[in-house]
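For reference, the structure is listed below as structure tokens.
The values are calculated or read from the model by the stated rules, or taken from the named source; none is laboratory data. Just so you know, these numbers come straight off a predicted model, no measurement behind them. Quick reminder, even Gly has a Cβ in these numbers, built from the backbone with ideal geometry, and neighbours come from all protein chains shown.
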Amino acid sequence: MTRIHRSLAIAPLVLACLCGPGFAAPAGLPVIGGRQVLATVNGTPVTRDQFEQVLFTLHQGVKEEATRTRKNPSELLDRMINAELILQEAKTIGLDGLPESKAALEEYGKTTLRQLLYSYHVRNLRKAEKKDVEKRYRDATKEVKVFSVLADKEEDARQLLEASQGAGDFHLLAEKMVSEKKATAGKESAYIKVNDLLPEVTKALSGMKVGAVSPVIKIGNGYSVFRLEDVRFRKSAAARKRAEEEALKARKTASLHDYAGTLKKRYVKIDTKLLDRLDFEAKEPGIEKMKEDRRILATVKGLPPVTVSELADALAKKFYHGTGQAGAGKVNGRKAEAFDEVVMKKVFDMEARRLRIDRTPMYKDRVEQFRRNLLFGAFLQRVIDPDIKVEDAEIRSYLEEHVSEYTNPETVRIEGIAFAKREDASDAADKLMKGADFQWIRENAPGRMGKDNAANLLAFDGNVILTETLPEDVQKALAGARTGEYRLYASPQGPAYVLYLKERIPSGPQPFETVREAIGKKLFEEKQRKAVEEYSRKLRKASDVKVFANGKQLEAFVSGPAR
């Protein structure tokens, strides 16, 4: 996307943010339609509102552009003038009349109307229900400790469950089953976040009290039974904030659902008999023929009715690979959902117009901004882009000049064994260098540190890692090592490690085919930007452009939002 095009992409909430009191009106700026004007392009104003909208976008998302604008705000106004020239040219050659542009604008208008209606309806819902927040917070922070057993046979798992429900001690029964090799595990876990457990385990836990034993749960190829040992709730400010946000969103969704039901009763009459009879999976007439069926399924007060054809079309769009590949019952199974969506779109459109949301400045400005973006994009696609070519020779030349930007850094694959004492690590390293098997040393060498210390150890698990991300001391220990060699590394914090360098992949330039698309896109966009600027210069020579704002006034606009 070119810089001019990007400057037109205004964030949806910008207009609301800029509707309040602004800066004091500088003297000398003309006013057209109640808005201060910075320039005119063939009589069309470029307003201060538009300038500040673009400023807001730059400050929100593009730091480089924001810094550049702060240094030279006149350049931003100049680009906005160029954009207006391009838009006027696009209209002159009829790009605003393209069927695809009209359809996109109509759909955007309807979608925006509904969004603004939703926002208007829930405008006073600012806090979530406390009970809902607490429930979500506790669910998110709940941790459990369990004693679990995984049996190979369902029969064995059920016997354990039945015995433990009698007078039997679950731990002893479980350990006995493990000793008889009828099950694995049989030990108490550390505290586990409930949200990290399998859904079937979470479901079983939901109704359990400490000391209770779960039902038999199918886990992979085995059958699990566990005893709930303890429950605790960790404190987390982030989890509470997330719970508040989710609960408020749920409250708003529920309010909109109720609102939809009220509107549906007020405006819609449904032919339920016809709707129930419709079979979109039948071979005759088939869903494609039903897209031409104009029978009325529902009347909507003040709007065209909902027809079978509309429902058939909405259903077809729900299946990416086509309804023909959907399983039995799946198409008809989504009939009610699709019908409700079609009906509610119409109802919400009508309600929004009844409330005159389509006449508000916010709605008009959003639709106008989308129209401008659409028109500018059509101009690029139809007028600018066809003449732009990027050859492989240009891409290769750019790659040679910027090879440092397209170079893969060195990576390594390392496996390691941790020892509590340096002497033990050194002894293990000597044995490995003399030909001992690495896996045998990992499992049998004296003095090695086990999984209980994992939280305090560096992880060397054989995965690919950037060399530059390793601790500096580790990098030094591996300096000069070749693939297959061993090195000793003693951590300043205590543990010593034997490091096995499984693979070293040296840094080097990325292959041409790997970067061809990315560089080609970059060069294309640069040519596109230059072409737009050149086209704008030609248009400007033949146009009536008047600039009213001076540099000091523009600098005041730029510095104001940052204060």
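On inspection, LYS389 passes the criterion of being closer than 30 Å to MET80 by Cβ and exposed (fewer than 12 other Cβ atoms within 10 Å of the Cβ). Run down VAL498, VAL545, VAL474, VAL515 and say which single residue is of a type in the set (A, V, I, L, M, F, W, C), within 30 Å of ILE395 (Cα to Cα) and either modelled with pLDDT under 95 or not assigned by TED's automatic domain parsing to the domain that holds ALA190 (or both). Exactly one residue qualifies, and that residue is VAL515. A single member of ALA183, ALA247, ALA190, ALA237 is free of Cβ contacts under 8 Å to residues at least 24 places away in the same chain and either out of contact with any Phe, Trp or Tyr (no Cβ under 8 Å at 6 or more places or on another chain) or of a type in the set (Ser, Thr, Tyr) (or both), and it is ALA237. From the list ALA204, ALA238, the one residue that fits, being in a helix (DSSP H, G or I), closer than 29 Å to ARG138 by Cα and under 27 Å from the mean Cα position of the chain (by Cα), is ALA238. In the range 353-387, what residues are of a type in the set (A, V, I, L, M, F, W, C) and in a helix (DSSP H, G or I)? Residues satisfying the conditions are ILE357, MET362, VAL367, PHE370, LEU374, LEU375, PHE376, ALA378, PHE379, LEU380, VAL383, ILE384. Taken over the range 392-413, the residue count meeting the criterion of being surrounded by 12 or more Cβ atoms within 10 Å (Cβ to Cβ) and more than 32 Å from the chain's Cα centre (by Cα) is 4. Of the helices (runs of 4 or more DSSP H) contained entirely in the range 96-166, those carrying at least 3 residues that are in contact with a helix residue (DSSP H, G or I) (Cβ under 6 Å, 6 or more places away or on another chain) and either β-branched (Val, Ile, Thr) or more than 30 Å from MET362 (Cβ to Cβ) (or both) fall at 130-141, 154-165.
Among the residues of the range 270-294, the ones that are in contact with a strand residue (DSSP E or B) (Cβ under 9 Å, 6 or more places away or on another chain) and either more than 19 Å from GLU341 (Cβ to Cβ) or part of a strand (DSSP E or B) (or both) come to 2 in all. Whether a residue is in a helix (DSSP H, G or I) and of a type in the set (Gly, Ala, Ser) was assessed, and ALA298 does not pass this test.
Only a single criterion out of (1) of a type outside the set (Asp, Glu); (2) in contact (Cβ under 8 Å) with a residue 24 or more places away in the chain; (3) surrounded by fewer than 17 Cβ atoms within 10 Å (Cβ to Cβ) is not satisfied by LEU172, namely (2). Considered as a group, the residues in the range 513-537 that are of a type in the set (Asp, Glu) and touching a residue at least 12 places away in the same chain (Cβ under 8 Å) include one that is nearest to LEU29 (Cα to Cα), and that residue is GLU533. Does ALA243 fit the bill of being under 24 Å from the mean Cα position of the chain (by Cα), closer than 30 Å to LYS127 by Cβ and surrounded by 13 or more Cβ atoms within 10 Å (Cβ to Cβ)? Taking the combined requirement at face value, the residue satisfies it. Residues that are over 31 Å from the mean Cα position of the chain (by Cα), farther than 13 Å from PHE557 by Cβ, modelled with pLDDT under 80 and small (Gly, Ala, Ser) within the range 23-82 comprise ALA27, GLY28, listed in sequence order. Residues in the range 427-475 that are in contact with a Leu (Cβ under 7 Å, 6 or more places away or on another chain) and either loosely packed, with under 11 Cβ neighbours inside 10 Å or farther than 13 Å from TYR500 by Cα (or both): 1 in all.
Could you grab me the full set of residues in the range 499-553 that are within 29 Å of the chain's Cα centre (by Cα) and either part of a strand (DSSP E or B) or more than 23 Å from GLU89 (Cβ to Cβ) (or both)? Of everything in the range 499-553, those that are within 29 Å of the chain's Cα centre (by Cα) and either part of a strand (DSSP E or B) or more than 23 Å from GLU89 (Cβ to Cβ) (or both) turn out to be GLN510, GLU513, THR514, VAL515, ARG516, GLU517, ALA518, ILE519, GLY520, LYS521, LYS522, LEU523.
Of all the residues in the range 538-556, those that are out of contact with any Pro (no Cβ under 7 Å at 6 or more places or on another chain), in contact (Cβ under 8 Å) with a residue 24 or more places away in the chain and of a type in the set (D, E, K, R) number 3.
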